[in-house]
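Structure first, then comments.
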Ligand SMILES: Nc1ncnc2c1ncn2[C@@H]1O[C@H](COP(=O)(O)OP(=O)(O)OP(=O)(O)O)[C@@H](O)[C@H]1O
């Protein structure tokens with residue numbers, strides 16, 4: 001995959017020099033405001049009946065905090081694969097990757113992600129690991145759902161939602177967890193143009209106070 005042709009607004013791409021840089025080297029080299037670093041990423045799918053499918057070849061990228069980036073490229077060129085590597089769902093065949101934590105990945109198909117019976121329970125699901133008081137969970141869920149325009153859907157069964165609404169519930173779950181990196185796979189699958197703009201505004205609304213109070217930004221990478 002030719003990465004520079006896929007990422008819009010690149011600030012600086014790392015020169016591909018070494019394919020086996022240890023992760024701790026990336027961490028120590030990374031300046032405070034870098035959220036994603038990938039170096040010389042290679043990835044192949046191993047197929048039994050056909051030759052291995054080589055998807056990524058020496059991909060390097062560096063994404064500073066506080067920016068929206070978009071992966072662009074033709075069908076099958078490896079955009080989802082790269083996002084899954086950044087999300088930690090796939091391990092690269094070689095190369096190194098660093099992504100600021102916590103990070104969230106929103107699947108192309110929200111049915112793979114929206115798992116609880118009601119909207120508010122689903123948004124609260126990821127907060128379970130933080131052992132927060134109920135009031136705080138409720139407040140985070142309300143803020144996140146408000147940000148994605150679903151305040152009136154708190155008690156709705158997720159089965160009754162449209163694809164775009166489910167996608168917004170999945171994004172609300174990621175926002176509620178105050179992730180520092182949000183990876184969105186195919187934002188355009190279910191959301192119409194107005195909803196896409198709405199979601200981007202929502203993300204900015206919810207993240208701006210975080211950026212101001214905690215002095216870090218939150219890059220969003222989404223595939224289009
Ligand atoms: N599990 C798999 N086994 C073998 N090959 C796969 C597998 N998953 C994906 N591929 C192949 O890897 C390549 C990259 O797939 P990927 O889904 O990353 O592309 P993409 O750029 O996201 O495509 P699209 O824009 O169509 O969603 C494709 O050629 C695809 O056929």
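Are any of the residues in region 174-188 in a helix (DSSP H, G or I), farther than 27 Å from residue 62 by Cα and either free of Cβ contacts under 8 Å to residues at least 24 places away in the same chain or not assigned by TED's automatic domain parsing to the domain that holds residue 33 (or both)? Full working, then the answer.
Kept after step one, since they are in a helix (DSSP H, G or I), are these residues of region 174-188: 174-176.
Remaining after also requiring farther than 27 Å from residue 62 by Cα: none.
Scanning region 174-188 turns up no residue that is in a helix (DSSP H, G or I), farther than 27 Å from residue 62 by Cα and either free of Cβ contacts under 8 Å to residues at least 24 places away in the same chain or not assigned by TED's automatic domain parsing to the domain that holds residue 33 (or both).
For region 79-92, check the following and say yes or no: at least one residue is out of contact with any strand residue (DSSP E or B) (no Cβ under 7 Å at 6 or more places or on another chain) and modelled with pLDDT under 90.
No, that holds for no residue.
Where in region 29-138 are the strands (runs of 3 or more DSSP E), entirely inside, with at least 3 residues that are surrounded by 15 or more Cβ atoms within 10 Å (Cβ to Cβ) and within 13 Å of the ligand (Cβ to nearest atom)? Can you show your working first?
Details: elements: 34-45, 53-64, 68-71, 94-99, 103-106.
Once the strands (runs of 3 or more DSSP E) in region 29-138 are filtered for at least 3 residues that are surrounded by 15 or more Cβ atoms within 10 Å (Cβ to Cβ) and within 13 Å of the ligand (Cβ to nearest atom), what remains is 34-45, 53-64.
The values are calculated or read from the model by the stated rules, or taken from the named source; none is laboratory data. No experiment lies behind these values; they were computed from the predicted model shown. Heads up, the Cβs are rebuilt from the backbone with ideal geometry, glycines too, and the neighbour counts pull from every protein chain shown.
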